[in-house]
Amino acid sequence: MLDATRDCVLAVGVRRTTLTDVARRAGVSRMTIYRRWPDVRTLVADLMTREWASVVSRVAPPEDGSPVRVQAVEALVAGVGALRAHPLFLKIMEVDPEVLLPYILERRGTSQDAMLRAIEGTLRAGHRDGSVRAGDPVRQARSLLLVLQSFAMSGHTMTGDGPALSAAAFDEELRRILERYLAP
């Protein structure tokens, strides 16, 4: 069902996707979908959770023996880049950005909670190896997520007009911000 939902959203956006469209694409009845999801909104929320969790899992810090802070910064910058390039994220940002507003303005979503847990674990490891400044890892993780979300969701509004304002240049700025925030 989630694959069919993804295909529908990529084709027409969230607002124009219906449970009938998803059922047809998945080759099941609408009642089959209704048994698990009451509406398109919750189906799309589960899809976003799956897709964003996949992005997070693909950019885990490498275990190369370098300090945790160095690994974390690179993984976080890569994660923002991967999210910005994700086809579903791009489609939602282009056609239905209001779908993301509750997760920015009102409440955390499941995928944000998963990201926070991953960042908190990394920060704790950085505290242990001394490469991340001391502090409350929950507050630090939430602060980092606020920065990361802004670079992922609003970054495109600041890029352009030559190499000094390219996405790569802003990735380097994000790297500096993260490095300085986390440095002991």
Query raised in the report: segment 117-184 to segment 18-77: how many Å between their Cα centroids?
Result: 22 Å
Query raised in the report: Mind checking the dipole of segment 56-182: about its Cα centre, +1 per Lys or Arg Cβ, -1 per Asp or Glu Cβ, Debye to the nearest 20?
Result: 400 debye
Report task. Can you tell me how much longer the chain between residue 157 and residue 183 gets when fully stretched, taken as 0.36 nm per residue apart minus their C-alpha distance, in nm with one decimal? Result -> 6.5 nm
Report task. Can you tell me the FRET efficiency between residue 58 and residue 164 if r is taken as the Cβ-Cβ distance and R0 is 30 Å, rounded to the nearest 0.05? Result -> 0.55
Query raised in the report: Using helices alone, what [θ] at 222 nm do you get for the chain, with -39,500 (n - 2.57) per DSSP H run of 4 or more residues, divided over all residues and rounded to the nearest 500?
Result: -21500 deg cm²/dmol
Query raised in the report: Quick one: if you stick a label point 7 Å off each Cα along the C-beta vector at residue 94 and residue 12, how many nm between them?
Result: 1.7 nm
Query raised in the report: How far, in degrees from 0 to 90, does helix 2-12 lean away from the longest principal axis of the Cα atoms of the chain, to the nearest 10?
Result: 80 degrees
Query raised in the report: For residue 159, what is the net charge nearby, where nearby means another residue's Cβ is under 14 Å from its Cβ and Lys, Arg count +1, Asp, Glu -1?
Result: -3
Query raised in the report: Along segment 118-133, what does the Karplus equation 6.51 cos²θ - 1.76 cosθ + 1.60 (θ = phi - 60°) give for ³J(HN,Hα), rounded to whole Hz, x for Gly and Pro?
Result: 5, 5, 4, x, 5, 5, 4, 5, x, 5, 5, 8, x, 8, 10, 4
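No value in this document is a laboratory result; all are computed from the given coordinates. Owing to the predicted nature of the structure, the values given are computational and were not obtained by experimental measurement. In this analysis, Cβ positions are derived from the backbone assuming ideal geometry, glycine residues included, and neighbour counts consider all displayed protein chains.
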